[in-house]
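First up is the structure itself, then whatever we jot down about it.
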Amino acid sequence: MWGVISLIAFIVNPVAGGGRAYRKIPEIRRIMKKKLIDYKIFITKYAGHGKILARKAALSGFKVVVAVGGDGTVLEVVNGIKGTPAALGVIPVGTGNDFARFFHIPKKIEKAIDVLIMGNVKVIDAALINGILTFGNIASTGIASETAALAVRFKKFLSGIWAYLVALLNVLFRYKPYSVKIKMDGKEIKKDITIFAAGVLSYYAGGIKLLPGADPHDGCLDVMIVGRVNKLKILVLLPLVIFGKHVHLKSLVETYRTKRVEIEADKEIPITVDGEILYSSKIEIKVEENAIKLCTL
């Protein structure tokens, strides 16, 4: 508990949620004026700008730096404030909002701001991918990442989880599993993967409970692997994955808990990280304990 927070920076991604984040600026100003809290609003102008603005705000003495947007905006702000005294705040106005969903951060602007100013700050784990990018949710590859890449197009017409499901049906019939080597806990596994996911939180792609057992306070990554399976079995898995029940299907789904995991492929493959898509033939993910100070309930 920090006591009442009195200096807040809002990092607004103007295109998040189809422009909804930008349209919420007048409401944020009105609420902050009513609550008599010192604040400043910064608007991002290009991809990666949120990280720069967040770091400048944190180093300028702002106590809380708030991501106003979706999971991609949270990702940028987390990497901006990393290693500073500032805490992370979230106003979830993106399309997925999986980070905010896990911590039950309210969607209503005033209630989300109340969470920021009441001073309840918890320290949570994050993860580091390829030594360069800290993320607070899930990294995935396989059919999940190809689906996420396609879902971006459908999000213009559909909400988060529905866009993902429609994209999945499009990807399903042309997907070929990746042949990879997976290293963790001193062991090496050679496998054709349909789905691979690792992270510290549970939700993915707008509410799909991909890692239902993930705990951001246990100092570990949760890892989930689905090997080569036929398309009928993927269709059986789908409704179970949405509600986090797939992990009970031990014949298809492998789960692990580890500090570090590495994947090697013979070509570059897509990796989805908190709504962003990277490409690499080698992926290293490791837990960063107590990496984020978060304003939460």
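FYI, it's all coordinate maths here, none of it is from the lab. Fair warning: this is a prediction, and the values are worked out from it, not measured in the lab. Quick reminder, even Gly has a Cβ in these numbers, built from the backbone with ideal geometry, and neighbours come from all protein chains shown.
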Computed over region 141-224: relative contact order in percent, which uses C-alpha pairs under 8 Å that are six or more apart: 26 percent
Mean projection area, nm², convex hull over Cα of the chain: 14.3 nm²
Between helix 143-154 and the chain: long-axis angle, C-alpha atoms, 0 to 90°, nearest 10: 50 degrees
Cβ-based net charge around GLY61, under 13 Å, with every Lys or Arg adding one and every Asp or Glu removing one: +3
Most to least packed among 249-258, 283-292 [average Cβ atoms within 10 Å]: 283-292, 249-258
Helix-derived mean residue ellipticity, 222 nm - over the chain, DSSP H n ≥ 4, -39500 (n - 2.57), to 500: -8500 deg cm²/dmol
Approximate spin-label separation ALA265-LYS190, in nm, with each point projected 7 Å along Cα-to-Cβ: 1.8 nm
Among the listed pairs LYS24/LYS293; LYS82/LYS111; LYS107/LYS250; LYS209/LYS259; LYS33/LYS107, those beyond 30 Å (Cα-Cα): LYS107/LYS250
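Contact order normalised by length for the chain, with contacts defined as Cα pairs under 8 Å and 6 or more residues apart; what percent is it?
It rounds to 20 percent for the chain.
What does the net charge come to around PRO85 if you take all other residues with beta carbon closer than 12 Å to its beta carbon, with K and R at +1 and D and E at -1?
Value of the local net charge: +3.
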Angle between the chain longest axis and helix 49-59 axis [Cα atoms, degrees, rounded to 10]: 50 degrees
Net charge contributed by nearby residues that have their C-beta within less than 12 Å of LEU75 (K/R +1, D/E -1): -3
For region 125-190 versus region 24-75, the gap between their alpha-carbon centres in whole angstrom: 28 Å
